[in-house]
1. Name the residues whose placed amide hydrogens come within less than 5 Å of the amide hydrogen of H244, ignoring near sequence neighbours (fewer than 5 apart) on the same chain.
2. Would you kindly state how much longer the chain becomes between V48 and A386 on full extension, computed as 0.36 nm times their sequence separation minus their alpha carbon distance, in nm to one decimal?
3. Which of G108, S280, V335 sits farthest toward the positive end of the charge dipole of the chain, with +1 on the Cβ of Lys and Arg and -1 on the Cβ of Asp and Glu?
4. Roughly how many whole Å is it from the C-alpha centroid of the stretch 249-297 to that of the stretch 357-411?
5. The stretch 43-143: which trypsin sites (Lys or Arg not before Pro) are DSSP loop and have at most 15 other beta-carbon atoms within 10 angstrom?
6. For the chain, evaluate the Debye formula with one uniform point scatterer on each Cα (no solvent term) and list log10 I(q)/I(0) at q = 0.05, 0.09, 0.10, 0.13 Å⁻¹, rounded to two decimals.
7. Given +1 on the Cβ of Lys and Arg, -1 on the Cβ of Asp and Glu, and no further charges, what dipole in debye does the chain carry about its Cα centre, rounded to the nearest 20?
8. Order these by the 10 Å Cβ neighbour count, fewest first: L440, L240.
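We did not get these values from a lab; they are worked out from the coordinates using the rules stated. The structure displayed is predicted, hence computed values, not measured ones. Please note: Cβ atoms are built from the backbone with ideal geometry, for glycine as well, and neighbour counts cover all protein chains shown.
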Amino acid sequence: MASGWARFVAAAALLMLVACGSAEEKASKAAARYDVYYARRDFYSARVEIKRALAAQDDIPEYWARLARVELATGRLLEAYEAYARLVELDPNDAEAIQAMAELSYSGGSYDDAERLADQMLEKQPRSLRMLLVKGSVAAARHDLPAARAIADRMLGIDPANEGGKILRARVLTLEGDRDGAIAELEKAIAIDGESVPKLMAVLDLYATKDDFPRAARTFARLFALQPDNADLRFEYARLLYEHGRPDRAREMLARLLRAHRGDAAIQQRIVDLWNEVGSDRIDVDGARRFVDRTGDRAMKIALGHLLLDQHRYAEAEAVLRPFVDGKDITAAGVEADVLYAGALSGLGRGEEARALVDRILRFDEGNPRALLMRVQVATAAGDLAGALRDAQLLVSDNPRMAEGRAALADIYVRRGEAVLADGAYAGAMKELSDDGDMLQAYVDHLLRTRRGPMALDIARRFTRENPRSRDGWRIRGELCLSLGDAPCVEEVMAGLEQVPGGLKLRRMLEGRRAAGQAASTCGRTGAGC
């Protein structure tokens, strides 16, 4: 009996060893396939393989390092951070992980974590230029300019040609108000050390902040020469062209991208996304329509319908969208066009048809946020505030970062005369969407309608302090300061715009409005020259 039990135990142990070996073998083979895919830059397949390796064996630090690298390569920064954090749990002294986490923490605005992790590495490697750059960047972000300058000088003392040190020193000059000096510093570094993407990107940011479009365009050309296949740069240049009132040139750039990536659905989708982000007010919609008719696919034509809807050109939007609307049954492929088409119908006064279409969409996909928002808007326009409220509450609950839903809910409370609930809805929305310019505008408008200008100023001031590079934030605050006649506030805005890409153009606009307001005030007092 005992010998039988011993044989059973031995067999069980052997099975466990075989299973363990099998898991290790599966993990090892998946990791090897990852290496092949990663070398080919097939990051999707590489991610799949390294996750298979981790599913088989999740206590190998190098597997987590590989996952982190592929997440970084595809811009999934939070996922990369989480993978590195798991790696540090397994190996607390892993230098690659700690340095990457410090840099990712800085990029994510977690300055305390970034500094702590950088200090942890600098205790062991006091001449680590990567970690000195993190510390210097944190100091600059906190406007501790003496500390940032000292770190930049220390970096250049270690390596006089160090790119990060030169960029950091230029950043300090910019924050001190010497933008021309910062540009000269970087152009000198380029002349001595040669062009590089980081230096040119830093120069580009300065030219954009200075609103110097010709030099910004020339810097983009230099970047294109260094990275001829970088589609991201081309999209950023197209955005700049739209923002500077050159939609024809933007369309030329997009057409070249389409030709270079013929049939690439991802590129076409990015054009759609760009149009949605830039907004119909900056896009020559008629020019975009000719462009789409010539080169566009289904997604781009639906995007055109969206632009037309934004401009309240409901009949044109209805005509553009009609071919893509689902017939009897709603489909996943057609639902976006269906929702937009409902908006066009509502705009044309065909509210019952719009409501019926939205109801069909929601029977197919009960949580579709755009459809819910559309039903809220249709119900609000029809005076059905009870129905609109139910849908708006559901929309906000399921989509807390959807600004349109938040604003719609607050507006319904206003229409129902529930002032306390309206205030709470706006305040909660601003807390959740503390970086959203559209939400700020909606809240400020509400406060002005309810004669609470000083409170609106406080909200706008806090927004620009927390989002110092938000052009929309500074614009809203500047217009508010002017409307309330708060001269010190106007001067703060003018100074703040010095650090914002495109800020000088906005500053000139606000200065023009201030001059017009002063002239009107003088006219009102004296009647002279009016």
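1. Here nothing satisfies the definition.
2. Using 0.36 nm per residue and subtracting the Cα-Cα distance, I get 116.9 nm.
3. Of the listed residues, the answer is S280.
4. Cα centroid of the stretch 249-297 versus Cα centroid of the stretch 357-411: 30 Å apart.
5. R127, R142
6. -0.29, -0.91, -1.10, -1.54
7. Its charge dipole is roughly 980 debye.
8. With the sparsest Cβ surroundings first, the list reads L240, L440.
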